[in-house]
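In what follows, a structure is listed as structure tokens, so that the remarks can point back to it.
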Amino acid sequence: MTMMRWEPFRELMSLRQAMDRLFEDSFVRPTRFWPDFGRGEWTLDLDMYQTPNEVVVKAALPGVKPDEVDISITGDTLTIKGEHKEEQEVKEEDYFRRERRYGTFSRSIQIPVPVKSDKADAVFENGVLTLTLPKLEEVKPKQIKVKAKPVIEGGK
């Protein structure tokens, strides 16, 4: 029989990780536990970042068709909404597992910098919606060149 040194913190850390996972699953992504996960309204996961000239928003919409998506910008609020309909009818009792999302979706998010909403571009590719929102000229970073003043020998 091999003896192993007992390290109480090893078990404590695994308990802490289990508790972190429990809280994350319960509060951060609670839809995981809803029995009707595949139906009803669902939230839209998205990423938003900026480049020097634009704000880019990417939203994951697997299985959704471009004509099922409605995008609007009101003031500084971007809203993406739509409805994804179930394609085939299968009786509920015939399912072993049902995780794909169907139903309405909606997400409104504040755009942190002023953009030209009339120049926005939306592209849908491989289940990812990419919105490109050009920044207004006043918020674009401007490069200012520093000039050196000539030094005069022996004088001011």
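On full extension of the chain, what length is gained from Phe23 through Asp45, given 0.36 nm per residue of separation minus the C-alpha to C-alpha distance?
Going from the current span to full extension adds 6.0 nm.
Taking a cut-off of 21 Å between Cα atoms, list the lysines near Lys85, but don't count ones fewer than 8 places away on the same chain.
Lys65
What full-extension length gain, to one decimal in nm, is calculated for Val128 and Thr77 as 0.36 nm per residue of separation minus the Cα-Cα distance?
16.3 nm
Values in this text are rule-based calculations from the coordinates and carry no lab data. A quick note: this is a predicted structure, and the numbers were derived from the prediction, not measured.
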